[in-house]
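Structure, as structure tokens:
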Amino acid sequence: MRLQLYNSLNRRKEEFIPIHQGQVGLYTCGPTVYNFAHLGNLRTYIFEDILKRVLLYNGYRVQHVMNITDVGHLTGDRDMGEDKMEKGAQREGRSAWEIAEFYTRAFKDDIARLNILAPDIWVKATDTIDDQIALIRTLEEKGYTYQTRDGIYFDTSKFADYTKLSHQDIESLQEGARVEKNPEKRNATDFALWKFSPGDVRRQMEWESPWGIGFPGWHIECSVMSMKFLGDQLDIHCGGTDHIDVHHTNEIAQSEAATGKKFFNFWMHGAFLIIAGGKKMAKSEDNFLTLENAFLKQNLNPLVYRFAAFQTHYRKPMEYSEESLQAARNGLQHLQNQVRQVTQNSAGQEGTINEALKNKFLEAINDDLNMPRAMAVVQEMLKSSIRDADKHAMIMNFDRVLGLGLDQVDKPQELPAEVQKLVEERAAARAGKDWSASDRLRDKIQELGYLVQDTKEGMKVIKK
Ligand code: AMP
Ligand code: ZN
């Protein structure tokens, strides 16, 4: 079965055909690094990782670019409010540059813990300022821009197809945009390409430009980076559904206005993670859960979250609750036990791939990344009457898409001597019912980057 993906541009599932045979250019909008990523953000990156792994499973070579937004994303999303980076810097009493570096590292740690494959190219917005200025100049030369007291704006009325991604009529889009009070804008949907530094305050991040000292608008970085690093291989561009009406709509307008060519062929959007009851998870809300506080600090393996994300199709809202988390925890443990069993039963034997079951799996993932169905096929395969050695070969093959580290379940972990010593001390403390020493030693082991789990079979220590 050929790969079918839902394309937000045409609002239907379409067969995916890349621009150049055998290879795919993939661009995924990255984090704004003023705070930790929350579980909602991470759901979107898991969906994008599944997409990438499915492309690889189908035999494509994938060139994947992700940006790091370290300047220009304002709290209002529409060019008003404070710069999120400068706000983060004030909150923490550090410089905007330090904040960017700290949260970029935290983001990279988070995605590694979730077995998300790193992009081939990471780019920071602040490393492409000259290219961004050049693109704005092109738009200026082509007559798409105008200047106000606070910046250079893109005139959306000059771009005929402005609503082609959002599919809203222009009136409703403008209505949505009118919350922002900027009387100098010609149309409510116009957006900033370059913003001037305010006259009275010195910004930490600002650059010279042909129009005056300032910083780029939020959307221009993604146009620049995708065209710079993917060239004409503009196949798939992804993000969360919140990006459709503003960020991606504006990226398309400015890119196509500048080049006169179609920007990406496929636009894919992941639905939100919501807290039971319906509220979306957002950095500005107090329902902000991170991998650190919801998993690592609770001694929970972060891959439980990855497993949980497979239970809901990426275009449907995913509900987060204690119950769904518990179900995922049990589900992952069950799967690991099944894999451990077939691995032990078939030690030393070569397995073969059962084509009928493999095709069923492929049909599920190629049907717009239907992971709930793919997980059902995984269970069908493990419960089937094929040999354990074949089950083992097949689950390892499927894990190229699942990314649950299933090849590790039966491997004893080599612990560094320092950790091993603490583990032994903790076992002794527990045998002597010295719970406070046991807790203290657990914290020490965790500080060294290992998770401690007390199970029925005894203490388990795994790398975070
Ligand atoms: P940001 O770091 O705010 O720029 O967002 C990073 C990514 O997370 C973007 O693709 C957003 O669309 C996505 N996102 C934001 N909130 C949520 C949420 N509650 N659920 C899923 N994705 C989200
Ligand atoms: Zn973007």
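Quick one: would you say I252 is within 16 Å of ligand 2 (Cβ to nearest atom), touching a strand residue (DSSP E or B) at 6+ places or on another chain (Cβ under 9 Å) and open to solvent by 30 Å² or more (accessible area, probe 1.4 Å)? I'd like the intermediate steps shown before the answer.
Values: within 16 Å of ligand 2 (Cβ to nearest atom): yes; touching a strand residue (DSSP E or B) at 6+ places or on another chain (Cβ under 9 Å): yes; open to solvent by 30 Å² or more (accessible area, probe 1.4 Å): no.
Spelling it out, it is not the case that I252 is within 16 Å of ligand 2 (Cβ to nearest atom), touching a strand residue (DSSP E or B) at 6+ places or on another chain (Cβ under 9 Å) and open to solvent by 30 Å² or more (accessible area, probe 1.4 Å).
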Report summary line: All conditions in (1) within 16 Å of ligand 2 (Cβ to nearest atom); (2) in contact (Cβ under 8 Å) with a residue 60 or more places away in the chain are true of T241 except (2)
Query raised in the report: Only one of (1) assigned to a loop (DSSP other than H, G, I, E, B); (2) open to solvent by 40 Å² or more (accessible area, probe 1.4 Å); (3) not charged (D, E, K, R) is not met by N293, so which one is it?
Result: (1)
Requested in this report: Count, please, the residues in the stretch 120-130 that happen to be in a helix (DSSP H, G or I) and surrounded by 19 or more Cβ atoms within 10 Å (Cβ to Cβ).
Outcome: 3
Report summary line: Picking from S209, S226, S166, S157, the residue that is of a type in the set (S, T, Y), more than 16 Å from ligand 2 (Cβ to nearest atom) and over 16 Å from G72 (Cα atoms) would be S157
Report task. Scan the stretch 244-260 and report the pairs whose first residue is more than 19 Å from T138 (Cβ to Cβ) and whose second residue is open to solvent by less than 20 Å² (accessible area, probe 1.4 Å) and within 11 Å of ligand 2 (Cβ to nearest atom), with Cβ atoms within less than 6 Å and a gap of 6+ or a chain change. Result -> H247/H219
Report summary line: Of the residues in the stretch 131-162, those that are open to solvent by 30 Å² or more (accessible area, probe 1.4 Å), among the hydroxyl-bearing types (S, T, Y) and assigned to a loop (DSSP other than H, G, I, E, B) number 1
**Report entry** helices (runs of 4 or more DSSP H) contained in the stretch 327-418 and holding at least 3 residues in contact with a Leu (Cβ under 9 Å, 6 or more places away or on another chain) and open to solvent by 10 Å² or more (accessible area, probe 1.4 Å)
**Finding:** 371-383, 388-402
Report summary line: Checked the stretch 182-237 for anything basic (K, R) and assigned to a loop (DSSP other than H, G, I, E, B); matches are K185, R186, R202, R203
Report task. Within the stretch 1-35, count every residue that is modelled with pLDDT under 95 and aromatic (F, W, Y). Result -> 1
Query raised in the report: Restricted to the stretch 58-82, and to residues that are in contact (Cβ under 8 Å) with a residue 40 or more places away in the chain and closer than 17 Å to Y153 by Cα, which residue is nearest to ligand 1 (Cβ to nearest atom)?
Result: H73
Query raised in the report: Based on what the data block shows, is I220 within 16 Å of ligand 2 (Cβ to nearest atom) and under 27 Å from E15 (Cβ atoms)?
Result: no
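Give the stretch 308-326 a look and list any residue that's assigned to a helix (DSSP H, G or I) and closer than 16 Å to M281 by Cβ, or say none.
Within the stretch 308-326, the first condition is being assigned to a helix (DSSP H, G or I), and the residues that meet it are 308-309, 322-326.
The answer is A308, A309, E322, S324, L325.
Return yes when H269 is assigned to a strand (DSSP E or B), open to solvent by less than 20 Å² (accessible area, probe 1.4 Å) and either within 16 Å of ligand 1 (Cβ to nearest atom) or not hydrophobic (A, V, I, L, M, F, W, C) (or both) and no when it is not.
The answer is yes for H269.
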Requested in this report: Within the stretch 1-57, track down each residue that is under 18 Å from P119 (Cβ atoms), open to solvent by less than 30 Å² (accessible area, probe 1.4 Å), away from ligand 1 (no atom under 13 Å from the Cβ) and in a strand (DSSP E or B).
Outcome: V24, G25, L26
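Just to be sure, is G151 farther than 30 Å from I17 by Cα and within 16 Å of ligand 1 (Cβ to nearest atom)?
Numbers: farther than 30 Å from I17 by Cα: yes; within 16 Å of ligand 1 (Cβ to nearest atom): no.
Here the answer is no, as G151 does not meet what is asked.
Across the stretch 75-102, what is the total count of residues that are of a type in the set (A, V, I, L, M, F, W, C), open to solvent by less than 20 Å² (accessible area, probe 1.4 Å) and more than 17 Å from I129 (Cα to Cα)? Please lay out each step first, then the result.
Filtering the stretch 75-102 for residues of a type in the set (A, V, I, L, M, F, W, C) gives 80, 85, 89, 96-97, 99-100, 102.
Next, only the ones that are open to solvent by less than 20 Å² (accessible area, probe 1.4 Å) stay: 85, 89, 96, 99-100.
When the remaining residues are screened for being more than 17 Å from I129 (Cα to Cα), the result is 89, 99.
Here the count works out to 2.
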Query raised in the report: Of all residues in the stretch 177-213, which are without any contact (Cβ under 8 Å) to a residue 24 or more places away in the chain and among the polar types (S, T, N, Q)?
Result: S197
Query raised in the report: If Q174 satisfies every condition in (1) surrounded by 20 or more Cβ atoms within 10 Å (Cβ to Cβ); (2) within 26 Å of D245 (Cβ to Cβ) but one, which is the exception?
Result: (1)
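May I ask you to verify whether D434 is over 33 Å from the mean Cα position of the chain (by Cα), under 22 Å from Q333 (Cα atoms) and charged (D, E, K, R)? Before you say what the answer is, go through the steps one by one.
On the way: over 33 Å from the mean Cα position of the chain (by Cα): yes; under 22 Å from Q333 (Cα atoms): no; charged (D, E, K, R): yes.
No: the conditions fail for D434.
The values are calculated or read from the model by the stated rules, or taken from the named source; none is laboratory data. Just so it is clear, the model here is predicted, and its values are computed rather than measured. All Cβ positions, glycine included, derive from the backbone under ideal geometry; neighbour counts span all protein chains shown. Accessible surface is based on the protein model in full, side chains and every heavy atom, while ligands, DNA and RNA are left aside. Shrake-Rupley method; radii C 1.70, N 1.55, O 1.52, S 1.80 Å.
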